[in-house]
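FYI, it's all coordinate maths here, none of it is from the lab. Source: prediction; values computed, not measured. Positions of Cβ are generated from backbone atoms using ideal geometry, with glycine treated the same way; all protein chains shown enter the neighbour counts.
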Amino acid sequence: MSTHVNTSTITGTAGLAVTVEAHIATGLPGFTILGRPDDVCRESRDRVRAAVLSSGFLWPSRRITINLSPSGVKKAGSALDLAIAIGVLVADEQIVVPDLDGYAFLGELGLDGSIRAIPGVAPMAAVHRERALVAPEGNAHEAEIVGPRRVLVANSLRGLVESLVGNEPWPDCPVVESCDGGPSVNDLADVRGQSAARLGLELSAAGGHHLLLVGPPGSGKTMLARRLPGLLPTLDSQTALEVLMIRSAVGESLPRGGHANVPPIRMPHHSASLIAMVGGGSSSLRPGEVSLAHGGVLFLDELGEFAPTTLDALRQPLEEGVIRLSRATATAVLPARFTLVGATNPCPCGGGPPGSCECDETALARYRRRFSGPLIDRFDVRVVVNRPGPDELLGDGVGESTAVVRERVMAVRRIALERQGKLNADLSGPALDEFASPTSAATALLRTELEAGRLSGRGLHRIRRVARTLADRDGSIDRIGEDHIALALSLRARLASRHR
Ligand SMILES: [Zn+2]
C-alpha cells in the first residue's frame with residue numbers, strides 16, 4: 001500500500017512543500033529514500049526505524065520505499081523525519097488517519113520516539129497555510145506567527161499518533177508570554193562625553209550612512225555601536241517577517257510575543273569564516289551574519305583583522321541589499337540590508353594619548369594600505385573615539401537619551417524620504433546635484449579642499465551626502481551651507497596618521 005504525507009524543506013529562507021510518498025510492498029526487507037535527500041535527511045532511515053520501534057509500533061519486514069517529491073530539489077536536514085514515520089505507519093496500515101491530507105508534519109525524531117525542535121520552521125510552515133501543522137513544541141511559537149490554519153504540537157511519536165487518530169486530545173500549545181521588549185538597556189544617556197561619536201551615531205541613523213569608529217582599545221567603540229539600533233526605526237512588517245524567516249532558518253530563538261520589530265545588531269568576530277559571514281555551507285544554504293543583520297546593524301570590530309576575502313564579500317550586500325548564494329544543488333537570494341559599523345585602532349600600536357605612538361613609518365604605511373580601497377570608501381562618516389577623560393567619568397552630566405536623539409533621526413529620515421524617496425546615504429552623483437547642491441560659499445570650501453589634495457572625487461560625494469544629512473538635521477531643507485560642509489569635513493577621522 002502507499003500513501004502521501006505533507007511536509008517541507010528549506011533553501012535559504014524559502015520553504016518548499018514536499019510530499020513524502022511511502023510505498024510498502026512484498027519483497028526483500030529494505031528501506032530506501034529517493035528524491036535527493038542530503039546526508040542528514042538520508043540518515044532519517046535509522047532515526048525513523050528506531051523511533052517507530054521505541055514507540056510500540058511494528059517495523060514492517062517488507063520493502064519500504066520513500067520518495068520525496070518534487071525530486072529535483074535537495075532535501076536538507078531532519079525536518080522530514082516525522083512525515084516519513086507517519087507515511088510508514090499509514091502505508092503499513094498500522095494506523096488510519098482521517099483527512100491525512102489536511103495535515104503537514106515537521107520535526108526531527110529521537111531514537112526514543114521523542115520529537116525534537118528543528119531550524120527553519122517559520123519558512124517551512126509558511127507553505128502550508130491551508131493545513132493544520134504538526135510541529136515540535138519548541139517550534140510552535142514561530143509556526144504560529146506565520147499562520148497555518150492550526151498549529152498542533154506533539155512531544156512524541158506515540159502521543160502524536162494517539163491525537164492524530166482521535167484517541168487523545170491534542171496537547172495545548174505552550175503559552176507564549178507576551179513581552180513588548182521593555183526599555184532598551186543600551187541608552188545613549190549612559191555615554192559620557194564622546195560628542196563626535198554621538199554625532200556620528202546620530203548621522204548614521206538619520207542618513208543611513210555607514211559609520212567608522214576610530215579609537216584606541218578601551219575607548220568604548222563597542223559600547224557606542226550597541227546604541228545604534230535604538231536610534232533606527234522599528235522594522236516595518238515586511239522586514240520584520242524577513243528577519244523572522246532568517247532567524248528561524250538558522251535556528252535562533254525568536255523574541256517572545258510576535259514579530260521582532262527591533263532592529264538587530266550582529267557582531268561577528270574577525271576570525272569568522274566567509275561562510276559564517278555571508279551564508280551557505282550546507283545544502284540548505286544557511287543564512288550568514290550579513291542576513292542576520294538585515295534591517296539593523298553589522299558591527300565589525302577590529303576591521304583590519306578581517307580577511308580581505310571576507311570584507312570583499314560585503315560588496316554585494318552593501319550595493320544591492322541582498323546576498324546571492326549558490327551551490328551546485330541550489331541557489332538562494334537572501335535579504336541583507338544593514339548599516340555597516342566598523343571599528344579600528346587609529347594605528348597598529350593601538351594609539352592612545354598623544355605622544356604614545358610607537359609605530360614606525362613602515363608599519364603606518366602598511367596599515368594605511370590595508371584600509372585603502374573600496375571598503376573604506378563605504379564609510380561616509382568616520383569619527384574619532386577617545387577614552388573618556390577624568391572629568392567625563394567623574395562628572396554627573398547626563399547626555400541626551402536615545403529617545404531624544406531618535407526623534408531628530410526620525411525627522412531627518414522623513415524629510416529625506418519625502419524629498420527624494422531614499423535616505424541621504426543612497427544619493428549618488430546626479431541625485432546629489434538635484435537634492436544636495438551647496439551654497440556658493442560651501443562650494444568654495446569644497447574647491448579649496450579639492451585643490452589642496454585633501455579631498456578626492458569619491459570623498460567629495462561622501463562629504464556632500466553627510467552635509468545633506470547635517471543640513472536636514474538643522475532644518476535647513478533648501479540650503480547646504482559652509483558650516484555643514486565644514487562639519488562634514490571634520491567627520492573623516494584619518495587612519496595611521498601619527499598621533500604624537
Ligand atoms: Zn601607533
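A few notes on this one:
- Within the straight-line cut-off of under 13 Å between alpha carbons, the aspartates and glutamates reachable from Lys221 are Asp301, Glu302, sequence neighbours fewer than 8 places apart in one chain being disregarded.
- Net lengthening on full extension, Asp360/Asn155 (0.36 nm per residue, minus Cα-Cα): 67.4 nm
- Summarising the label geometry, the points placed 7 Å from Cα in the beta-carbon direction at Ser71 and Arg192 lie 7.0 nm from one another.
- Overall size of the range 152-248 from C-alpha positions, given as principal axis extents largest first: 68, 27, 23 Å.
- The largest-to-smallest principal axis extents of the Cα set in the range 320-377 are 55, 23, 18 Å.
- Amide H contacts under 5 Å for Lys75, placed H, 5+ residues apart: Asp38
- Distance between the 7 Å Cα→Cβ label points at Arg479 and Arg63: 8.8 nm.
- Computed across the range 36-132, the Kirkwood radius stands at 14.1 Å (inverse of mean 1/r, all Cα pairs).
- Antiparallel DSSP beta bridges within the chain, percent to nearest 5: 45
- Taken one residue at a time, the phi angles of the range 16-27 give Karplus couplings (6.51, -1.76, 1.60, θ = phi - 60°) of 9, 5, 10, 9, 8, 9, 10, 10, 10, 9, 5, x Hz. Gly and Pro are set to x.
- Each principal axis of the Cα atoms in the range 373-454 has its own extent, and those three values, largest first, are 48, 36, 30 angstrom.
- CD proxy at 222 nm, helix term only [per DSSP H run n ≥ 4: -39500 (n - 2.57); per residue of the chain; nearest 500]: -10000 deg cm²/dmol
- Arg494 paired with Gln238, simple spin-label distance in nm, labels 7 Å along Cα-to-beta-carbon: 4.4
- Size descriptor, Kirkwood hydrodynamic radius, that averages inverse alpha-carbon separations across the range 391-436, Å: 13.0
- Dipole-positive endmost among Ala444, Gly421, Met410 within the range 400-450 (Cβ charges, Cα centre): Met410
- Relative exposure of Met124, Met277, Met267, judged by other C-beta atoms within 10 Å (fewest first): Met267, Met277, Met124
- Solvent-free Debye scattering, log10 I(q)/I(0), computed from the Cα coordinates of the chain at q = 0.09, 0.12 Å⁻¹: -0.72, -1.03
- The range 28-101 and the range 420-455: distance between their alpha carbon centers, rounded to Å: 64
- Zero-based 5 Å bins, Cα pair distances in the range 173-325, whole percents: 2, 8, 16, 20, 19, 16, 11, 5, 2, 0, 0
- Stretching the chain fully between Glu418 and Thr222 yields a gain of 67.3 nm (0.36 nm per residue, less the alpha carbon separation).
- Projecting the Cα atoms of His484, Ile84, Gly279 onto the charge dipole of the chain, computed from C-beta unit charges around the Cα centre, puts His484 farthest toward the positive end.
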